[in-house]
Structure formats: C-alpha cells, structure tokens
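A.B. asks: Encoded as structure tokens, here's the structure I'll be asking about.
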Amino acid sequence: MKAVIFDFDGLILDTETAWYESYRKTLLEYYQFDLPLEEFVKCVGSDDTVLFVYLQEKLGDALDADLIRTRAKMWHTEKVKEAQAREGVAQYLEDARKADLKIALATSSTREWATTHLTNLNLISYFDHLITQDDVKRIKPAPDLFLKTLDVLGIQPHEGIVFEDSLNGLIAANRSNLPTVIIPNPVTEGLPFEKYHLKLTSMAEMSLDEVLQTLD
C-alpha cells in the first residue's frame, strides 16, 4: 500500500447532513414541501442535478432554483461554520503520515470549497494532493476524479485505498478498480452499498493500521 485517498463532503466533514437539513428547511419555508431523504441522498457525492430534476417534477413552474440554492447555502454556511471533523479523521491522517503513505483528496466539490474547510479544520497540511471538480470533466459517479488521483500519485489501483461515504463515490471507486472502505454518515447510512471491501460506522471503530491489515 502506497497511498490513501479520502473523499471530503460527508466523510471528513459531515456537510451532507447539513445540506439535507438546509434544503429541507428552505423547501418547507417557501413551498411547504417536505424533501424526502431518499430523494436528496441520490445527489450525495455528486452534484445537485438529480435533486433539481426531482424538484422540477414535484413543484413545476413554481420552482425557483436560484432562490432555493441561495437560501439553502445560507443555512448551510451557518450549520457548518463551527462543525468539527468526523470522529477519527485526524488520527487516520496522522497515522498515514507516520506510515509514510501518500495522502490525497478526491472530491466532487471545488478546490476553493475543500481548501477553505480543510484549512478551517487544521487538516490541510496532511494532504499531498487535492484533486477536485476543477481538475476533471466529470465528477462522481464517473471515475475521472479517482483516475486523475491515481495518475497524480503515480500508483496502480491496488496500491491505494479509498475512503468514501456515498454511493456515487463507491461507484466511482469501483469503476477505477480501487479498494474502498465505506464510512457512511447519517444521511447515507441507509444507502444500498455493495461491492465495497470494508464498511465502518466511523474511523474510530478501527485504526488505519487495522484497516490496512484487513484489506491486505
């Protein structure tokens, strides 16, 4: 094993639960529409295209996508302002560094988004490479982010391991032939994950060394 590859949203920082709560609050406020979790979760790990196709079907011409995005972003900013990294994340990064593993981020979010939050969490110094939507044509569930990460790291798929929280992320990792550890968050824990190598409730459940030994 030469490298560990981390997703960001929902895995390192639980922005996904905050996004769901923010969209739900906004839609209730302006449309008296209660957003089902099972519909929102389809966009987790990717972008909001699927979500707004669904909302268009439900709300029709009354839908104001710009308004919804703006208001949801406002609520989301407030929710994540003081949020901490998920349990065990910092220890995994520290252990990876001590093990002399390369550490990369592969996220469907923008570089600015990832950099801002990793800096706020005091974690950005651990990462050797940040691969974001700015570096590829297609985001997850397409494999482009992980293929780009493999290229940047200069490794083969079997020499790396991916940590993901979403179904779109898992699909992208599988398409890249990367071993994958699933660590869901409250929004994604009910998703029908398949073809993963290991599934944990949090990074505190098993040390990085134990994970690597298990996969080995």
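The values are calculated or read from the model by the stated rules, or taken from the named source; none is laboratory data. Everything quoted here is computed from the prediction, not taken from an experiment. Note that each Cβ is placed from the backbone with ideal geometry, even for glycine, and that neighbours are counted across all protein chains shown. Calculation scope for accessible area: heavy atoms of the full protein, side chains included, ligands and nucleic acids excluded. Shrake-Rupley method; radii C 1.70, N 1.55, O 1.52, S 1.80 Å.
A.B. asks: So between residue 216 and residue 97, what do we pick up on full extension, going 0.36 nm a residue minus the alpha carbon distance?
C.D. replies: 41.0 nm
A.B. asks: Short version: ³J(HN,Hα) in whole Hz for each residue of the range 36-50, in order, from phi by Karplus 6.51 cos²θ - 1.76 cosθ + 1.60 (θ = phi - 60°), x for Gly and Pro, what are they?
C.D. replies: x, 4, 5, 8, 4, 5, 5, 9, 5, x, 10, 10, 8, 4, 4
A.B. asks: Distance from a point 7 Å along Cα→Cβ of residue 64 to each backbone N in the range 8-46: keep the residues under 16 Å and list them by number.
C.D. replies: Label zone hits: 26-33.
A.B. asks: Grab the other residues whose beta carbon is less than 10 angstrom from that of residue 167, score K and R as +1, D and E as -1, and report the net.
C.D. replies: -1
A.B. asks: Counting only residues 5 or more places away or on other chains, whose amide H sits under 5 Å from the amide H of residue 180 once H atoms are built in the peptide plane?
C.D. replies: Under 5 Å from the amide H of residue 180: 162, 197, 198.
A.B. asks: Here is a follow-up. For the range 67-120, just the Cα set please: Rg and Dmax, both in angstrom.
C.D. replies: Cα only, the range 67-120: 14.5, 47 Å (Rg, Dmax).
A.B. asks: Just the number please: accessible area per residue for the chain, 1.4 Å probe, all protein chains included, in Å².
C.D. replies: For the chain, the solvent-accessible area averages 49 Å² per residue.
A.B. asks: In Å, what is the Rg of the alpha-carbon atoms in the range 6-118, and how long is Dmax?
C.D. replies: Both quantities, over Cα of the range 6-118: 16.3, 55 Å.
A.B. asks: While we're on this one: What's the percent breakdown of Cα-Cα distances in the range 119-216 across 10 Å bins, shortest bin first?
C.D. replies: P(r) for the range 119-216, in whole percents per bin: 14, 43, 39, 3.
A.B. asks: What list of ³J(HN,Hα) values in whole Hz, one per residue of the range 156-165 in order, does the Karplus curve 6.51 cos²θ - 1.76 cosθ + 1.60 (θ = phi - 60°) give from phi, with Gly and Pro shown as x?
C.D. replies: 8, x, 6, 8, x, 9, 9, 10, 9, 10
A.B. asks: For Cα pairs less than 8 Å apart in space and 6+ apart in sequence, what is the mean separation divided by the residue count of the chain, i.e. the relative contact order in percent?
C.D. replies: Worked out over the chain, it gives 27 percent.
A.B. asks: ³J(HN,Hα) across the range 199-208 via Karplus (A = 6.51, B = -1.76, C = 1.60, θ = phi - 60°), whole Hz, x for Gly/Pro?
C.D. replies: 10, 10, 7, 6, 6, 7, 5, 8, 5, 4
A.B. asks: Could you pull out every residue, at least 5 positions away or on a different chain, whose amide H is within less than 5 Å of the one on residue 105? Hs are placed 1.01 Å off N in the peptide plane, and Pro or chain starts have none.
C.D. replies: 6, 129, 130, 131
A.B. asks: Take the solvent-accessible surface of the protein heavy atoms, probe 1.4 Å, and return the percent of it on the range 15-125 that carbon and sulfur atoms account for.
C.D. replies: 49
A.B. asks: With Rg and Dmax of the Cα atoms in Å as the read-out, I listed (1) 17.2, 55; (2) 20.1, 61; (3) 18.2, 57; which label goes with the value calculated from this structure?
C.D. replies: Here Rg and Dmax of the Cα atoms in Å agrees with entry (1).
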